[in-house]
Each structure stands twice: as structure tokens, then as C-alpha cells.
Amino acid sequence: MIYSHSRIETFKQCPLKFKYRYLDKIIPEVETIESFLGSRVHEALEWLYKQVKMEKLPDLKELLDIFKKNWEKNFNVNIKFIKEFEDKDYFNTGTKFLTNYYERYKPFKENTIATEKQIFINLDKDEKYQMQGFIDRLVYDETKKTYEIHDYKTSGYLKTNDELEEDKQLALYSLAIREMYQDADKICLIWHFLAFDKEFCLEVDEKILKKVKEETLNTIKKIENTDKFDAKASKLCDWCEYKPICPKWKHLEEIKDKPINEFLKEEGVNLVNKYSELLLQKQKVNMELDENLEKLKEALVKYSEKNNLDTIFGSNKKARVWIKDVLKFPNKNEIGRDVIKTLLINHGFYNDLSDVDTFKLSRMIEENKLPKDLIEKLKELHKIERLERIYLVDNNMEKEN
Ligand code: SF4
């Protein structure tokens, strides 16, 4: 298989999507409007630079006419809209992208060598691992003796500097340019973020190239050693063309547009609704049982105190009632904790109590293992907490049940 940046990114995004697209070769029935818009803008810019190469300078209207013509020719009912906007909104967005670009760069005098240039990248010496890609536009700047790899971005997200440095696509393309042209010592990567009318540029760095090459090879090897292509759901699923056949979403896709009565009768919907109802009932019953148990526990404690008992017998079981007042010291970050720490340090007990182990500290106070004056000071910092437990055992056994 010849790899491409989008194949590798697809695998990283979701192995199942990779399998559908590149192994099973399932051609999606739908295309997202964002991808449709991107293709039309790329086509229009490719057309523009072809005219410029032939020494023609189209005016803005001609460029927008080409965009409109291709939009109308290719628009179809299978285009999928995720957000609440309509096709005319996306068309207007594309018009704005091209207008801004035209006004900013006319008369397009950079030395464009090629548009939509196909390239092949060798990732290893044996040429076992190869990638292919298409450069939106390749420029050679004579004055700076620099090759420029231009990429048009139509998404509504503006990448940060760190993200651009991590962007492997153009860095990989520069490897091909280096192999193709003898004088390609200096290469710049240029991103055009059309939605923001911004241009970002990075000079290719040897260290980054080495890292990108290694990471790409590792991902390819991972793909080749995988036989399990699991679905990896993310917010990007909304833009995935395979949602209607994906096991994570197929059911929702099938039922989402059903009328409410049909929706509620559908077998899967029915099963999930019943299951969740029963689970809710179970939680409610459990809560009621817990409340009743708590009330019975309180009653048993009262009965044991009133009659001075620590064991109360039933028909088959007996309840052992355990009541204890324990010392409670402030927890970490609570007021008073620092004072205890200082007292323990001053009396040389801090290490014995590994930081401030309040359980061990309480025991040492109860067993009088600390100096009297320290115990007195510590007593000012603790509260008394009453613990009550009921242990149920068989009448004829001591073992807990
Ligand atoms: S919908 Fe999401 S989980 Fe399913 S194949 Fe597409 S990306 Fe993967």
C-alpha cells in the first residue's frame, strides 16, 4: 500500500474508519459540506494560478464565476450538513475566502512552479515504505533561493505555532522536494488559513524532519501489524462519512428520523428504555432499603444503650453493637493541621508518625505513648467522633455474616 498523510491521519483518528476507506474500499455515499467547500476553493485557486502561468491575470469576478460554476456543477443531495447553516452560507464563506485571497496576493507574481503537484516520499533507504501526496502550490523564490510549499486551509480553526510545528504533512512533502530538486537547500512551509486571511510560515528544520520521518514510519509499521481495527469515537464522528454503517452510530442513524411512535416501538429503543427504567427502580429500592437499615441501626444502638447490652439476639442471628468515641484530627489542608505538625516536630515525633498519620496519632494518645504535655496540647486540637457499627453473626457462631 502506498501511504499518504490523510491515510495515516485517518488511522490515528479511528482505525475502523481507515479500514472502511482503505482496506474495504467502501466509497462513502455522503460528503460533508466542509469537505465540499474545501474542494471547490482549491479548484478555484488552482485555476487562478494556471491562468497566471499563461501570463493572464483574471479579475476577481472571473475567479468567483469559476467557483460558482464548479459549486453548482458538483452540488448534490448527498452532501451532509452538520451545523445549522445552509448551502448558501457555505457558498458565501467560500466567496469571502477567495475575495480576501485575491485582494491580498494579486497580481500573483511569485514564481509558482506547480499547482496540485503529485510527489512521492521515500521513508527508508530500501524504498519499502513510500508515501504520496499533493502539494497545493509549489513556489521557488529566486531572491531568497528558497522553495515554498503552500497549503490552503479552509477549516474554521486557526492552528497555533506548536501545532504547526507538529503538522507532519508539509514537513514530509519537503522531503520529496529535497530529493526532486538539487538546489533545494532551503525550504519553507506556508499555510494559508483562508477563514482568517492569515499566512503562517515555518522554515524546515533537519531535527523536525528526522522526527517526523521516524514517527510516520512507526505509524505505518503499526498499521501493517494491526489486525484489529477498532472504532474510536470522538467529536470528529459527526464529520465521518461512515457513521451510517459504524457500529457505534448505526442504530442512532437508523432511528433518529423516525416518527415518535415508531421510534418508541423500535426493538432496541424499547430494550434500552426498559433496562434503564429497571435500573432506576433498583437504585430507588436500594436507597429505601439503606434508609430503613440506617433507622434499624439507630434503634439497635438505642436499645443496647438503654439495656446496657453489647449483643442483642434475634431468631437465628445476633447483632453485636460496637460503639466507640474516637479522636478526630484535622485532615490535610484543614485548619489546625499545621499546628499539629509543628507540635510533633518540636517534640521529635514527626518522623515516627510519617507526616501526620492521624490514625496512628489517636492510638498513641489512647495508649499514653506520648508525653503528657504534648497530649494536653493535642487534645485542644481534636474533636470526638462517635462511631457506631452493627455486626450480624449466626446465633451459635462468633464469625461475622
Ligand atoms: S463514526 Fe466515528 S467511530 Fe465510527 S468509523 Fe467514523 S470515526 Fe470511527
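The values are calculated or read from the model by the stated rules, or taken from the named source; none is laboratory data. Model, not experiment: these values are computed from the prediction. So basically every Cβ, Gly included, is an ideal-geometry build from the backbone, and we count neighbours across all protein chains shown.
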Among the candidates F85, F108, F97, residue that is away from the ligand (no atom under 16 Å from the Cβ), at positive phi and surrounded by 12 or more Cβ atoms within 10 Å (Cβ to Cβ): F108
Return the pair list, or none, for Cβ contacts closer than 8 Å from residues in segment 205-232 that are in the same structural domain as D185 (by TED's automatic domain parsing) and of a type in the set (S, T, N, Q) to residues that are part of a helix (DSSP H, G or I) and within 16 Å of the ligand (Cβ to nearest atom), at least 6 apart or on different chains. T216/I8; T219/I8; T219/F11; T219/K12; T226/P15
Search segment 3-17 for residues that are aromatic (F, W, Y) and pair each with any residue that is within 14 Å of the ligand (Cβ to nearest atom) when their beta-carbon atoms are under 7 Å apart and the residues are at least 6 apart or on different chains. F11/F18
The listed residue being under 29 Å from the mean Cα position of the chain (by Cα) and polar (S, T, N, Q), out of T93, T99: T93
Could you list, ordered by first residue, the pairs with Cβ atoms under 8 Å in which the first is in segment 315-342 and over 18 Å from F359 (Cα atoms) and the second is of a type in the set (G, A, S), at least 6 apart or interchain? V321/S304
Residues being within 28 Å of N395 (Cβ to Cβ) and exposed (fewer than 11 other Cβ atoms within 10 Å of the Cβ): count how many of those fall in segment 311-329. 5
Between K228, K232, which is of a type in the set (D, E, K, R), modelled with pLDDT of 90 or more, within 16 Å of the ligand (Cβ to nearest atom) and surrounded by 14 or more Cβ atoms within 10 Å (Cβ to Cβ)? K232
Here's a check for you: in segment 171-189, which residue that is surrounded by fewer than 17 Cβ atoms within 10 Å (Cβ to Cβ) and touching a helix residue (DSSP H, G or I) at 6+ places or on another chain (Cβ under 9 Å) is farthest from D151 (Cα to Cα)? D185
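Matching residues to (1) loosely packed, with under 15 Cβ neighbours inside 10 Å; (2) part of a strand (DSSP E or B):
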residue	(1), (2)
I113	no, yes
F120	yes, yes
D126	yes, no
I135	no, yes
I149	no, yes
G156	yes, no
Q169	no, no
Which of the numbered conditions does Y242 fail, given that it passes all the others? Conditions: (1) surrounded by 12 or more Cβ atoms within 10 Å (Cβ to Cβ); (2) away from the ligand (no atom under 16 Å from the Cβ); (3) among the hydroxyl-bearing types (S, T, Y). (2)
State whether the residues of segment 254-266 include one that is within 27 Å of S35 (Cα to Cα) and surrounded by 12 or more Cβ atoms within 10 Å (Cβ to Cβ). yes
Scan of segment 299-330 for residues that are under 51 Å from the mean Cα position of the chain (by Cα) and not hydrophobic (A, V, I, L, M, F, W, C), ordered by number: K324, D325, K328, P330
Here is a check on your reading of the model: is Y152 within 30 Å of I79 (Cβ to Cβ) and within 16 Å of the ligand (Cβ to nearest atom)? no
Verdict on E254 being in a helix (DSSP H, G or I) and more than 16 Å from the ligand (Cβ to nearest atom): no
